[in-house]
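Below is one structure, written out as structure tokens; the observations come after it.
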Amino acid sequence: MSFTAPITLPGLALDPQWYRRAVFYEVMVRCFADSNGDGTGDLGGLISKLDYLQWLGIDALWLPPFYQSPLRDGGYDVSDFKAVLPEFGTLDEFRELVTKAHERNMRVIMDFPLNHTSDQHPWFQASREDPDGPYGDFYVWSDTDKKYENIRVIFVDTEESNWTFDPVRRQFFFHRFFSHQPDLNFENPAVQDAIFDIIRFWFDMGVDGIRLDAIPYLFESEEGNGEGEPPTHAYIQRLRRMVDDEYPGRMLVAEANQWPREVAAFFGTAEEPECHMAFDFPVMPRIFYSLRSQTSGELVKILSETTDVPPGAAWGVFLRNHDELTLEMVSEEYRQAMYGWYAYDPRMRSNVGIRRRLAPLLDNSRAELELAHALLFALPGSPFLYYGDEIGMGDNIWLSDRDASRTPMQWTPDRNAGFSSADPGKLYLPVVQSLVYHYSLINVEAQLAQSRSLLHWVRNVIHVRKAHPTFGLGSLQVQQTDHESALAFVRSYAGSGMHFGDQSEEILCIFSFAHNPISVTVQMPEHAGASLTDLFGGGQFPSIAGDGVVTLTLGTQSFYWLKITDRPA
Ligand code: NOJ
Ligand code: CA
């Protein structure tokens with residue numbers, strides 16, 4: 001497969017706030033491409049696919065953990081933070097990946113599960129064997145499991161308690177996740193320093209940013225619920241100061257699965273900044289809710305709550321990732337509705353969420369896939385795609401836990417979907433062979449050959465977004481409509497004038513969740529008399545009338561992005 005040169009927006013390469021305009025792509029090294037035929041994806045394979053990602057228009061890769069690990073939690077159970085798991089490659093290959101990505105104007109951010117380690121980590125082994133030694137206080141030990149009783153269990157499918165008894169040290173250790181993942185003791189200054197040391201190690205290796213995994217859970221207290229406790233925020237503020245001083249231009253992104261105000265706290269303030277970005281957990285499930293309820297009310301409500309971020313900060317918006325579609329941050333009523341629509345088979349559920357990929361969630365409806373992506377690319381913040389969703393890959397709910405949506409990338413209709421030359425039985429997970437999503441139908445090669453494929457559509461929408469910095473940098477104002485299925489907002493950007501394309505601009509984005517065509521009236525008093533032009537094809541739409549009202553018709557589950565050109569006064 002060969003790929004033509006991409007369209008790159010001038011200025012992104014030198015912009016210290018590059019992450020505010022970037023399109024991110026989450027790719028698990030294990031899942032993307034196998035360069036040596038051992039059945040597991042590796043860094044060499046990923047390097048060989050950089051041309052594809054550049055062609056797609058990706059500005060930054062997010063790599064989930066590829067450290068040394070027993071892989072009992074997809075690599076989030078790390079046994080050496082400064083080594084690459086040998087089946088994935090070597091540190092030299094990682095350096096090569098960063099260099100080759102940078103040559104393509106693409107950045108690399110990596111994951112850092114700093115809250116915990118694997119129980120195989122030498123720190124834990126030393127801690128359990130020698131309580132008085134240098135690592136004795138590296139973990140949270142207790143003689144009783146009755147401490148921190150306000151702290152909820154997250155992995156409810158597998159864990160009954162956050163405490164597990166260790167027969168070696170004859171004490172309980174604390175863990176927010178699996179019982180093989182002991183939490184580090186952040187009260188210990190030596191742990192705090194060890195974490196800084198690891199971050200410096202990877203920044204020195206050239207990475208452009210770090211995803212701070214499970215960031216709310218660093219410190220525990222008897223009074224609090226162990227989520228975003230004040231010392232956790234104080235520690236991240238210190239980390240941010242270190243990054244700003246020693247590694248300007250690099251970024252931190254917070255993984256905090258919490259309610260809007262609590263997630264936003266991880267941006268910190270203008271005076272005391274914390275993370276540059278935070279994943280928009282509040283907005284994500286509400287996109288799926290709107291698609292099935294055919295109403296926009298929930299999105300309107302959440303957008304009014306979550307848009308304000310400190311200067312220089314940005315949301316990371318996403319539809320799916322390597323975890324279950326979490327439903328922790330919706331009310332019980334909505335959760336039940338979501339299970340009914342999207343997880344009617346109990347096998348589709350995992351913990352408090354749904355372990356399915358985007359295309360099967362949306363029943364492979366092209367209209368819904370386009371609508372969901374149009375929202376993803378128009379909402380405030382920077383979009384994060386999940387590997388394979390650009391071709392509408394399926395999942396495999398017969399695999400355990402979240403492996404359902406971590407199957408090999410489907411490149412071609414050939415053996416192992418072109419992912420690997422290994423004996424099919426040797427693959428880390430089988431390729432999808434279901435009726436609708438079989439790799440002989442859903443693969444990159446076939447979609448490249450079809451100009452109307454989802455892949456070409458996604459590439460096009462990425463490039464339209466990238467030609468308008470407003471989507472990354474602009475503010476958002478929800479507009480009133482007369483239809484409960486419609487969501488309308490204006491994105492406005494004053495423009496910096498620093499380079500071509502970076503001018504002041506306003507864009508009306510309108511979406512219909514209705515399962516039938518609708519006509520909708522939008523109130524836009526501030527733009528009375530303005531004209532509207534489609535961003536995709538340049539088509540002229542009805543102008544906004546003198547009273548500030550415009551009526552538009554939208555097809556079933558469709559959208560428009562319309563540039564607003566105000567008449568000169
Ligand atoms: C969040 C990660 O996204 C998830 O995959 C992992 O299981 C937990 N953190 C625990 O590390
Ligand atoms: Ca391999």
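The values are calculated or read from the model by the stated rules, or taken from the named source; none is laboratory data. Not measured: the values here are computed from a predicted model. No Cβ is skipped: glycine too gets one built from the backbone with ideal geometry, and neighbour counts run over all protein chains shown. To get the accessible areas, we keep the full protein, side chains included, count just its heavy atoms, and leave off ligands, DNA and RNA. Shrake-Rupley method; radii C 1.70, N 1.55, O 1.52, S 1.80 Å.
Structure above, values below:
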quantity: Matching entry among R356, R366, R402 (being within 16 Å of ligand 1 (Cβ to nearest atom), modelled with pLDDT of 95 or more and surrounded by fewer than 24 Cβ atoms within 10 Å (Cβ to Cβ)); calculated: R402
quantity: Candidate set from segment 93-104 (those that are open to solvent by 20 Å² or more (accessible area, probe 1.4 Å) and more than 16 Å from ligand 2 (Cβ to nearest atom)); member that is nearest to R200 (Cα to Cα); calculated: R95
quantity: Subset of segment 464-480 [of a type in the set (V, I, T) and either open to solvent by 40 Å² or more (accessible area, probe 1.4 Å) or free of Cβ contacts under 8 Å to residues at least 60 places away in the same chain (or both)]; calculated: T470, V478
quantity: Segment 117-164, subset touching a residue at least 40 places away in the same chain (Cβ under 8 Å) and acidic (D, E), residue least open to solvent (accessible area, probe 1.4 Å); calculated: D119
quantity: Selection count where residues are over 20 Å from the mean Cα position of the chain (by Cα), open to solvent by less than 50 Å² (accessible area, probe 1.4 Å) and more than 16 Å from ligand 1 (Cβ to nearest atom), scope segment 53-90; calculated: 5
quantity: Which numbered condition A13 misses (of (1) within 16 Å of ligand 1 (Cβ to nearest atom); (2) hydrophobic (A, V, I, L, M, F, W, C); (3) at pLDDT below 95); calculated: (1)
quantity: Where a residue in segment 520-549 is in contact (Cβ under 8 Å) with a residue 60 or more places away in the chain and under 18 Å from L487 (Cβ atoms) and its partner, wherever it lies, is outside any loop (DSSP other than H, G, I, E, B) and among the aliphatic types (A, V, I, L, M), with Cβ under 8 Å and at least six apart; calculated: L535/V464; L535/I507; L535/L562
quantity: Whichever residue in segment 40-49 is more than 7 Å from ligand 2 (Cβ to nearest atom) and either β-branched (V, I, T) or in a loop (DSSP other than H, G, I, E, B) (or both) and, among such residues, is farthest from M393 (Cα to Cα); calculated: I47
quantity: Flag if L61 is of a type in the set (A, V, I, L, M), in a strand (DSSP E or B) and more than 12 Å from ligand 2 (Cβ to nearest atom); calculated: yes
quantity: Pairs, first under 17 Å from D403 (Cβ atoms) in segment 73-94, second among the hydroxyl-bearing types (S, T, Y) and within 12 Å of ligand 2 (Cβ to nearest atom), C-beta under 7 Å, six or more apart; calculated: E87/T40
quantity: Which numbered condition Y334 misses (of (1) surrounded by fewer than 16 Cβ atoms within 10 Å (Cβ to Cβ); (2) part of a helix (DSSP H, G or I); (3) not basic (K, R)); calculated: (1)
quantity: Of all residues in segment 527-555 being part of a loop (DSSP other than H, G, I, E, B) and open to solvent by 60 Å² or more (accessible area, probe 1.4 Å), the one that is nearest to L291 (Cα to Cα); calculated: F536
quantity: Residue within segment 234-250 that is small (G, A, S) and in a helix (DSSP H, G or I) present; calculated: yes
quantity: Within segment 129-220, strands (runs of 3 or more DSSP E) holding 3 or more residues that are hydrophobic (A, V, I, L, M, F, W, C); calculated: 171-174
quantity: Residue in segment 451-462 that is among the hydroxyl-bearing types (S, T, Y), open to solvent by less than 10 Å² (accessible area, probe 1.4 Å) and touching a residue at least 24 places away in the same chain (Cβ under 8 Å) present; calculated: yes
quantity: Filtered residues of segment 264-288 (kept if among the hydrophobic types (A, V, I, L, M, F, W, C) and either free of Cβ contacts under 8 Å to residues at least 40 places away in the same chain or open to solvent by 10 Å² or more (accessible area, probe 1.4 Å) (or both)); calculated: A264, A265, A270, A278, F281
quantity: Subset of segment 18-35 (residues that are assigned to a helix (DSSP H, G or I) and either more than 16 Å from ligand 1 (Cβ to nearest atom) or of a type in the set (S, T, Y) (or both)); calculated: W18, Y19, R20, F32
quantity: Close pairs (7 angstrom Cβ cut-off, 6 or more residues apart or separate chains): under 9 Å from A101 (Cβ atoms) in segment 46-61, of a type in the set (D, E) and open to solvent by 10 Å² or more (accessible area, probe 1.4 Å) anywhere; calculated: I47/E96; A60/D208
quantity: Selection within segment 180-200 - under 24 Å from the mean Cα position of the chain (by Cα) and either surrounded by fewer than 21 Cβ atoms within 10 Å (Cβ to Cβ) or within 16 Å of ligand 2 (Cβ to nearest atom) (or both); calculated: I195, F196, I198, R200
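Residue by residue, here is whether (1) touching a helix residue (DSSP H, G or I) at 6+ places or on another chain (Cβ under 6 Å); (2) of a type in the set (D, E, K, R); (3) open to solvent by less than 40 Å² (accessible area, probe 1.4 Å) holds:
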residue: S485; (1), (2), (3): no, no, yes
residue: C509; (1), (2), (3): yes, no, yes
residue: V522; (1), (2), (3): no, no, yes
residue: P525; (1), (2), (3): no, no, no
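Conditions tested, residue by residue: (1) assigned to a helix (DSSP H, G or I); (2) in contact with a Phe, Trp or Tyr (Cβ under 6 Å, 6 or more places away or on another chain); (3) within 23 Å of L53 (Cα to Cα); (4) not small (G, A, S).
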{"site": "P70", "(1), (2), (3), (4)": "no, no, no, yes"}
{"site": "E87", "(1), (2), (3), (4)": "no, no, yes, yes"}
{"site": "F94", "(1), (2), (3), (4)": "yes, no, yes, yes"}
{"site": "V98", "(1), (2), (3), (4)": "yes, no, yes, yes"}
{"site": "N105", "(1), (2), (3), (4)": "no, no, yes, yes"}
{"site": "I109", "(1), (2), (3), (4)": "no, yes, yes, yes"}
{"site": "L114", "(1), (2), (3), (4)": "no, no, no, yes"}
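Conditions (1) closer than 23 Å to V153 by Cβ; (2) touching a His at 6+ places or on another chain (Cβ under 6 Å); (3) touching a residue at least 12 places away in the same chain (Cβ under 8 Å), marked per residue:
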site	(1), (2), (3)
F172	yes, no, yes
R176	yes, no, yes
H180	yes, no, yes
F186	yes, no, yes
A190	no, no, yes
D193	no, no, no
I199	no, no, yes
D204	no, no, no
G209	no, no, yes
